[in-house]
Structures are given as C-alpha cells and as structure tokens.
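Some notes on the structure that comes next.
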Amino acid sequence: EPQIDRDSLITKYENFFKMKKLEIDQNVLSETSNLQLLSTLAMLAPFNKIDKQAILESPNLLARLDTINSILDLNTFQVVSNKSNQLN
C-alpha cells in the first residue's frame, strides 16, 4: 500500500472535475484504500486515451501517482488557458 497524500490528490481531482463541470463524490473516495483510490481516479477522470494508457503503463504505484499528478496538472493548465483565451 503506497503512502500518498490522499487529501491533496482528492482536492486536486475535485478542482479538475469542477473545471470540467463534473461532480465527484469525495465520501466514496475517502472510503477506499490508496491502491483503490489511484485506480478509481484514473478510471473516473475524463482523460484522453493516451493519458489513460500512460497511467496503465506506469511500472509501479508511485509512478502511477506521479503520472496522474502530471496529467492533472497539464489538463488543469489547458482548461485554465482555454478559458482565458475565450475571454480575450
């Protein structure tokens, strides 16, 4: 069972889902193990096929966490960037 910062990860996902105008039930996520949390978030997230494949190909759970965080950061940046471009 990998040691992860669950609260930070769940908050990051919640913010990402809000930007995408989707909902996520934090109560369900808080009841899962760390392993289940990483797998569930990877499945639920509206990532493209390439991103999901990168998550699946992670050699271990800590690498999976790093990949998920990188994808979330990149997608969050893209959503924010697109919104600011639409305002201009």
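Structural remarks
- The residue that is nearest to residue 67 (Cα to Cα), counting only those in segment 1-27 that are open to solvent by 80 Å² or more (accessible area, probe 1.4 Å) and more than 14 Å from the chain's Cα centre (by Cα), is 3.
- Pairs linking a residue in segment 33-55 that is closer than 14 Å to residue 9 by Cα to a residue that is part of a loop (DSSP other than H, G, I, E, B), with Cβ atoms under 7 Å and 6 or more positions apart or on different chains, are 33/1; 34/1; 34/2; 34/4; 35/1; 40/32; 44/24.
- Count of segment 40-60 residues which are over 10 Å from the mean Cα position of the chain (by Cα) and open to solvent by less than 50 Å² (accessible area, probe 1.4 Å): 4
The values are calculated or read from the model by the stated rules, or taken from the named source; none is laboratory data. Bear in mind that the values here come from a model prediction, so they are computed numbers and not experimental data. When we count neighbours, we look across all protein chains shown, and the Cβ atoms used for this are built from the backbone with ideal geometry, even at glycine. When the accessible area is computed, the model is the full protein with side chains, heavy atoms only, and any ligands, DNA or RNA have been set aside. Shrake-Rupley method; radii C 1.70, N 1.55, O 1.52, S 1.80 Å.
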